[in-house]
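Worksheet: the structure to be examined is printed underneath.
The values are calculated or read from the model by the stated rules, or taken from the named source; none is laboratory data. Only a predicted model underlies this, so the values are computations on that prediction, with no experimental measurement involved. FYI the Cβ positions are ideal-geometry reconstructions off the backbone, even for glycines, and counts take in every protein chain you see.
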Amino acid sequence: MPTPSATELVTLSDVAALAHVRRPVVSMWRSRHTRGGVPFPPAVARHDGREVFRLGEVVDWLEGTSHGNNAAARQDAAAAAALDLLPPDERAAAVDGLIALLALKAQVGTPLRALEPADLVDLADEVDPDDACLYSEIAALGRDAARWAAHADALASAAYTPAGAVGSLVAQHRRLGMTVVTEHSLAPAAEQLVARLVTALASDESGALGTLAAPFGEAELLLAVGAATGEPGTALLTSPGSPAARHARRLLLAAGWSIEDAARSPVTPSAALVLLPSATQPGRTAESVLDALGEVEATLPPDGRVLVLGPAAVLCDRLPHRLQGVRATVLRSGRVRAVVRLPAALRPARTRERLALWLLAPGPTDVRVDSHRTATADLGGTRLDPTTIEDVVTDVVAVLPGSSTARGHAFRFTRLTPTTALIASAGALVAPSLPARRPRTDTAEVAAAITASYASLTAPVASLTYWHAAPGQAAGPVMVTLGRLVDEGRLRLVRGNRFHPGDLTETAGVAVHTAATLAHATPGATARIDRLHLADAYPRSRFTEPGDVVFATTPRPAGVVDHDGLAVIASPARALRPTSAAPPGLLPEVIAHAIASAPPGTGWRAISVPLLPAAQAGPLRDALTEITAARAQAAARLDALAALAAQLVEATSSGSATLLPPELPATGATQMEG
């Protein structure tokens, strides 16, 4: 039997995506349909610990059994193919060639599956005679070009358009190893803000979008502009000189954009987009970013408009003294009309990096006049929702020449700052903004919620059972090391998995025990990881079972008992699991206490654990179970008290509720009246 290609294989996660179900549902199908009339297709191979299945057999099974929520599974099957099963080098060439074929298909508008490899290369030469973005990529596919062309047709059919097919491939950039996308992708909110600003800057009186210049091939931003306007436009790009620049051109061609070469085109752009650092010019230093800004300003036509998106540390924060003069030189031009610091986490690959916007536009060049102002805004504590984006756009557009005057506009986020003050400033250009007044909610609901919170906290608390403690034996229980218990099979060591730090969050998902959460003072404190991402990216993860002792020895010994199970462990944390051969007196709580009490630097195998007498193990287990429940109830009560305090502060500071003094007892009231 011939070996199937990557376009004919899927993993269980791909099956779930194809069937529009969650990943555990597919595992349930496999277990329930192992035999019978229509068994689930068998795995044909394993790849990095993941089982791989034939795509055609899976589609036949879904249609034959009517499982899943996708009636068009066969039509969508091509999009489910696991291209990440290819070796890294072959995968990179295949993905680039596939996107190039989709861009070619978008340009010619005809199916490609009927063409021979030589015909595909000839067609690519006609569309891309200068080999700017796709000729070399298609030629590199060699004799496999026809097979990938058929797959490109299937992808475009599944996504309805070549642009949609390219979007589905780019969305898998982490899985497919597209580092050029992963390292420089922006959050959707940032793309939407830039798209709305560019639309407002570059549209003429009829609303038509003019030519946009993107000197560093800012394809993701141009595509966002096209999505906002509903139709592709014309991009003025510099000559391609890197794989990233070629990739950007392929994306734009696949989306239907027209591309003009800036070196040969006489077209004057309506506006320009600058992203620093960009995929085509990564790793820019603060000096190079400022140099690029100076070059952009120096070559800007008198009526030109440029939107710059770059690191806030360079565009608006405090700079070293040697760089302050370089930034001030650009400000002295009088072309900087707005400086906006954006919220954090707008670049997923660098969640701690803040971005900022500069708007360069026509205006009075003499910055010494008192009327010369620059709009500044700090959105650091603001969420970029659609309403916020529209208000930011309105604020920025108000300072453009030819628009409504700034005096007639009620600014929400920006304020007009004398440009001379920005030039002379040795600190940050943007001062932190005061938080907006919180909107008032329904006052009756707020008062009722506070009353309910007080009522829940006045409920009686369950008391503990009183266990009498009598003097014990002087010799004490037998002590044995954890290493010996593991060697004898009394305990089983469960090792942790290595997780990417960016995959762990505090939101909902599967609980993750890490060395940091084990050392946390709050019982049960854990990190989280998305369940579907866990199954897809870490298929070999091992789940804990109730009674596992999760421990870590760094930065200090710490151990907890996982009473619930179904969590995962992040290395270097590990777990000890009692086996069927464990003696009755070996309690998980005792093991956890022994580990947590060990001196720093002690190896876990050398930690001694007492084996309790069978007569003492049961009562201790019952007492500890009751104490654990009481601790959980106390922790919940502390959380409720903290929530009530925040509720009172929020309600009174926003004016949604008014606190009245407690009612005095009748006797007290009589005494006061007398």
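Listed by position, the helices (runs of 4 or more DSSP H) contained in segment 64-149 that have at least 1 residues being under 26 Å from Glu51 (Cβ atoms) are 73-76, 88-108. The set of residues from segment 186-211 being crowded, with 16+ Cβ neighbours inside 10 Å and within 29 Å of Ala78 (Cβ to Cβ) comprises Leu186, Ala187, Glu191. Condition check: at pLDDT below 90, of a type in the set (D, E, K, R), surrounded by 17 or more Cβ atoms within 10 Å (Cβ to Cβ) and farther than 21 Å from Glu295 by Cβ. Does Glu183 satisfy that? Yes; evaluated as a whole, the condition is true for this residue.
Could you please find all residues in segment 409-435 being at pLDDT below 75 and exposed (fewer than 11 other Cβ atoms within 10 Å of the Cβ)? Selection gives Pro432, Leu434, Pro435.
Here is a check on your reading of the model: is Gly334 touching a helix residue (DSSP H, G or I) at 6+ places or on another chain (Cβ under 8 Å) and at positive phi? Yes, satisfied. Among helices (runs of 4 or more DSSP H) entirely within segment 218-318, having at least 3 residues that are in contact with a Leu (Cβ under 6 Å, 6 or more places away or on another chain) and not assigned by TED's automatic domain parsing to the domain that holds Leu193 singles out no element at all.
With respect to the conditions (1) more than 33 Å from the chain's Cα centre (by Cα); (2) over 25 Å from Pro243 (Cα atoms), Ala263 lacks only one, and its number is (2). List pairs: first in segment 338-363 and touching a residue at least 40 places away in the same chain (Cβ under 8 Å), second of a type in the set (Asp, Glu) and crowded, with 18+ Cβ neighbours inside 10 Å, Cβ under 7 Å, 6+ apart or cross-chain? As it stands, the answer is Arg341/Asp378; Leu360/Glu297, since those pairs meet every condition given.
So that you can scan it fast, the table gives a plain yes or no per residue for (1) at pLDDT below 80; (2) surrounded by 13 or more Cβ atoms within 10 Å (Cβ to Cβ):
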site	(1), (2)
Val609	no, yes
Ala617	yes, yes
Ala636	no, no
Asp639	no, no
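The listed residues are Val21, Val15, and the only one of them that is assigned to a loop (DSSP other than H, G, I, E, B), closer than 20 Å to Ala79 by Cα, within 29 Å of the chain's Cα centre (by Cα) and in the same structural domain as Pro87 (by TED's automatic domain parsing) turns out to be Val21. Taking segment 558-585 as the range and being modelled with pLDDT of 90 or more, part of a loop (DSSP other than H, G, I, E, B) and surrounded by 17 or more Cβ atoms within 10 Å (Cβ to Cβ) as the test, the residues that pass are Ala567, Ala573.
Evaluate the following for Ala398: is it touching a residue at least 24 places away in the same chain (Cβ under 8 Å), touching a Ser or Thr at 6+ places or on another chain (Cβ under 7 Å) and farther than 22 Å from Ala424 by Cα? So Ala398 fails the test. With respect to the conditions (1) free of Cβ contacts under 8 Å to residues at least 60 places away in the same chain; (2) of a type outside the set (D, E, K, R); (3) more than 25 Å from Val512 (Cβ to Cβ), Ala581 lacks only one, and its number is (1).
Test Gly233 against the criterion of being more than 14 Å from Ala103 (Cβ to Cβ) and crowded, with 17+ Cβ neighbours inside 10 Å, and give yes or no. Yes.
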